[in-house]
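S.K.: This structure is in structure tokens; I'll ask about it shortly.
The values are calculated or read from the model by the stated rules, or taken from the named source; none is laboratory data. Here the structure is a predicted model, which is why all the values come from computation and not from measurement. For neighbour counting, all protein chains shown are included, and Cβ atoms are generated from backbone atoms with ideal geometry for every residue, glycine included.
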Amino acid sequence: MMKAPPMKQHLNPAQRPLSRPIRQTAACIVLACLGWPSAHADGSRMPAKILPSYTAECAACHTAYPPGMLPASSWQRIMKGLDRHYGTDASLDAKTVAEIGQWLQTHAGTYKRVAEAPPQDRLTQSAWFERKHRKIEAAVWQLPSVKSAANCAACHTGTEQGFFDDDHLQRPAGLSARQSRAWND
């Protein structure tokens with residue numbers, strides 16, 4: 001007696017097993033989404049747990065920059081030179097210096113954009129900052145609403161959270177008509 005070949009089961013689309021490439025792609029998407037906060041490649045986001053002394057001491061005078069925007073070597077030099085911090089004496093007690101310094105080292109940038117320390121360890125003189133702001137006229141940095149290139153919050157509304165992308169921008173007060181047109185480019 002001859003056996004009949006097994007019949008193919010016809011499964012509805014919801015019951016069909018996913019092909020291997022589709023399963024692999026789906027797995028990559030899920031893993032990428034789960035790892036997004038810790039693996040954000042540009043380092044411009046503020047760490048989830050912000051050190052209170054960093055905010056209290058550093059943000060009292062200027063933007064509390066996300067530590068990933070500078071390499072560890074820059075943060076080391078900055079913390080060792082607080083008595084001459086860009087023309088100001090920003091000295092702190094040894095315990096606070098050690099605490100902030102360790103936090104900055106832990107969260108310092110390690111990606112391509114910060115592979116090299118910028119001149120004088122200034123974010124505003126880094127190659128990526130200059131490239132991103134190349135169309136901003138020098139006069140804009142001098143506007144009373146801006147004051148300097150280091151005042152990120154003058155244009156970037158998400159500065160405190162470390163959001164510096166184009167979705168979190170506002171025009172600073174005092175732009176001329178020509179400067180406003182350049183803003184849209």
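S.K.: Name the single residue that is farthest from residue 124 (Cα to Cα) among those in segment 139-185 being without any contact (Cβ under 8 Å) to a residue 12 or more places away in the chain and surrounded by 17 or more Cβ atoms within 10 Å (Cβ to Cβ).
M.R.: Looking at residues that are without any contact (Cβ under 8 Å) to a residue 12 or more places away in the chain and surrounded by 17 or more Cβ atoms within 10 Å (Cβ to Cβ), I get 158.
S.K.: If I ask for residues that are at pLDDT 90 or above and hydroxyl-bearing (Ser, Thr, Tyr), which ones from segment 131-173 would you list?
M.R.: Of everything in segment 131-173, those that are at pLDDT 90 or above and hydroxyl-bearing (Ser, Thr, Tyr) turn out to be 145, 148, 157.
S.K.: Moving to a separate point now. In segment 103-112, what residues are touching a residue at least 40 places away in the same chain (Cβ under 8 Å) and under 15 Å from the mean Cα position of the chain (by Cα)?
M.R.: Filtering segment 103-112 down to residues touching a residue at least 40 places away in the same chain (Cβ under 8 Å) leaves 103-104, 107-111.
Selection gives 104, 107, 108, 109, 110, 111.
S.K.: Here's a follow-up. Name every residue in segment 102-116 that is surrounded by fewer than 18 Cβ atoms within 10 Å (Cβ to Cβ) and small (Gly, Ala, Ser), in order of residue number.
M.R.: Taking segment 102-116 as the starting set, the residues that turn out to be surrounded by fewer than 18 Cβ atoms within 10 Å (Cβ to Cβ) are 102, 105-106, 110-112, 115-116.
If the condition is that a residue be surrounded by fewer than 18 Cβ atoms within 10 Å (Cβ to Cβ) and small (Gly, Ala, Ser), then 115 is the only one that fits.
S.K.: I'd like to know if segment 113-135 contains one or more residues that are under 25 Å from residue 47 (Cβ atoms), touching a residue at least 60 places away in the same chain (Cβ under 8 Å) and not acidic (Asp, Glu).
M.R.: Yes, because at least one residue in segment 113-135 is under 25 Å from residue 47 (Cβ atoms), touching a residue at least 60 places away in the same chain (Cβ under 8 Å) and not acidic (Asp, Glu).
S.K.: Still on this structure: Taking the condition hydroxyl-bearing (Ser, Thr, Tyr) and surrounded by 16 or more Cβ atoms within 10 Å (Cβ to Cβ), does residue 124 pass?
M.R.: Details: hydroxyl-bearing (Ser, Thr, Tyr): yes; surrounded by 16 or more Cβ atoms within 10 Å (Cβ to Cβ): yes.
Taking the combined requirement at face value, the residue satisfies it.
S.K.: Please work out if residue 35 is out of contact with any strand residue (DSSP E or B) (no Cβ under 6 Å at 6 or more places or on another chain) and at pLDDT below 95.
M.R.: Details: out of contact with any strand residue (DSSP E or B) (no Cβ under 6 Å at 6 or more places or on another chain): yes; at pLDDT below 95: yes.
Judged against the criteria, residue 35 is a match.
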